[in-house]
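Chemist: Structure below; questions to follow.
The values are calculated or read from the model by the stated rules, or taken from the named source; none is laboratory data. This structure is a prediction, so every number in the text was calculated from the model and none was measured. Here the Cβ positions follow ideal geometry from the backbone for every residue, glycine too, while neighbour counts run over all protein chains shown.
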């Protein structure tokens, strides 16, 4: 092999398969970290507490002892909704932070979210992930 060919091999960008393998490895490590993560949020006055795992599955919902006797049903539903919405927003922030280091080639997943001209934002918007203001 000629010297110029050897130098070209060293500076050649990774193949698509290599990029996908590297990204898959990063996502596997991230999946493990998210499995261990916990998002714990309480409503005003701690009436309802919600705990999610890092993937967004509810691990536990708890009410303050005696809350069902102290508050009317509509007030309890407000506390439940408040806790769930706050947990959802917190989880979205966790995901945005967690995915900020996942690289696909020379870009990051979070870089895609910041660039409205990419297909990733279109997919994100279509499937309801929060790249904008909470609804």
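Chemist: With the structure loaded, tell me whether residue 94 is surrounded by 16 or more Cβ atoms within 10 Å (Cβ to Cβ) and either modelled with pLDDT under 85 or farther than 18 Å from residue 47 by Cβ (or both) or whether it fails that test.
Modeler: Here the answer is yes, as residue 94 does meet what is asked.
Chemist: Okay, moving on. Given the structure, is residue 125 loosely packed, with under 14 Cβ neighbours inside 10 Å and either modelled with pLDDT of 55 or more or touching a strand residue (DSSP E or B) at 6+ places or on another chain (Cβ under 9 Å) (or both)?
Modeler: When the stated conditions are applied, residue 125 passes them.
Chemist: In addition: For region 24-57: of the residues being in contact (Cβ under 8 Å) with a residue 40 or more places away in the chain and assigned to a loop (DSSP other than H, G, I, E, B), which is nearest to residue 86 (Cα to Cα)?
Modeler: The extreme case among them is 43.
Chemist: Among the residues of region 58-76, count how many are loosely packed, with under 11 Cβ neighbours inside 10 Å and either assigned to a helix (DSSP H, G or I) or in contact (Cβ under 8 Å) with a residue 24 or more places away in the chain (or both).
Modeler: Number satisfying all stated conditions: 3.
Chemist: While we're looking at this one, here's another question. If the Cβ limit is 8 Å and pairs must be 6+ apart or interchain, which residue in region 1-23 that is at pLDDT below 80 pairs with which residue that is in a loop (DSSP other than H, G, I, E, B) and surrounded by 11 or more Cβ atoms within 10 Å (Cβ to Cβ)?
Modeler: If the second residue must be in a loop (DSSP other than H, G, I, E, B) and surrounded by 11 or more Cβ atoms within 10 Å (Cβ to Cβ), the pairs left are 13/105; 14/105; 19/105.
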